Amino acid sequence: MNRKELAELLSVLRPFTGGRDCFFRFAEIPFITTDKPILFRGVLGELPTFLADGEYQLTPEYLWPADRSWCVCSDYDLEFTIVAGPKELVSGVLNNATLEALEVTPQTRIDSYAPMPK
């Protein structure tokens, strides 16, 4: 996910955090050794400022609030981000004019064997 998409997604997520702390987990990239921490806790609004210092090149792989009411997974290897949460949150993502989003179910294939449109 690029930073513009992240900023837009954060605007959708903000009402669902209630100002409570969230967790930001950065990817452990195979074959790249680092001593930087990968898990942080803070309010959602701190994430753009945290990324602005340039220490982390990628946006977080996972985001979730302390109450675990929603979760975002954006693996650096994937072409998509998965957002799970209450219907109102998912609806906010689906109806956002900037984010390209599709609704999936547990039965929807999202791996390399997923059927491709012709």
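Please identify, among Phe50, Phe24, Phe80, the residue showing maximal mean-square fluctuation in a Gaussian network model of the chain using a 10 angstrom Cα cutoff.
Phe50
Could you go through the range 37-44 in sequence order and give the Karplus-derived ³J(HN,Hα) for each residue, using 6.51 cos²θ - 1.76 cosθ + 1.60 with θ = phi - 60°, rounded to whole Hz, and x for Gly and Pro?
Taking θ as phi minus 60°, the curve returns x, 10, 10, 10, 10, x, 6, 4 Hz for the range 37-44.
Go through the range 96-101 residue by residue and turn each phi into a ³J(HN,Hα) via Karplus (6.51, -1.76, 1.60, θ = phi - 60°); whole Hz please, and just put x for glycine and proline.
Computed from phi, the couplings for the range 96-101 are 6, 5, 8, 7, 8, 9 Hz.
Debye sum, Cα scatterers, the chain, no solvent: what log₁₀ I/I(0) at q = 0.13 1/Å?
The Debye formula, applied to the Cα set alone, gives -0.54.
Could you tell me which GluC sites (Glu not before Pro) in the range 47-118 are loop residues by DSSP with no more than 16 other beta carbons within 10 angstrom of their beta carbon?
Passing sites in the range 47-118 are Glu55, Glu79, Glu100, Glu103.
Work from the charge dipole of the chain (Cβ charges, +1 for Lys and Arg, -1 for Asp and Glu, about the Cα centre) and give the residue of Met116, Leu39, Met1 farthest towards its positive end.
Farthest towards the positive pole: Met116.
What nm distance separates the two modelled labels at Leu39 and Lys4, each placed 7 Å from Cα along Cα→Cβ?
Roughly 3.4 nm, to one decimal.
With the calculation restricted to Cα positions, what are the radius of gyration and Dmax of the range 67-118 in angstrom?
Calculated on Cα positions, Rg and Dmax stand at 12.2, 41 Å.
Before rounding to the nearest 500, sum -39500 (n - 2.57) across all DSSP H runs of length at least 4 in the chain and divide by the residue total; then give [θ] at 222 nm in deg cm²/dmol.
Counting only the DSSP helices, I get -6000 deg cm²/dmol.
Kindly put Tyr76, Tyr56, Tyr113 in sequence by how many other C-beta atoms sit within 10 Å of each C-beta, fewest to most. The partial results should precede the final answer.
Values: Tyr76 12, Tyr56 16, Tyr113 7.
So the residues, fewest neighbours to most, are Tyr113, Tyr76, Tyr56.
Where a number appears in this text, it was derived from the coordinates with a stated rule and is not lab data. The shown structure was predicted, so the numbers you read here are calculated from the model rather than taken from an experiment. Positions of Cβ are backbone-derived with ideal geometry, glycine not excepted, and every protein chain shown enters the neighbour counts.
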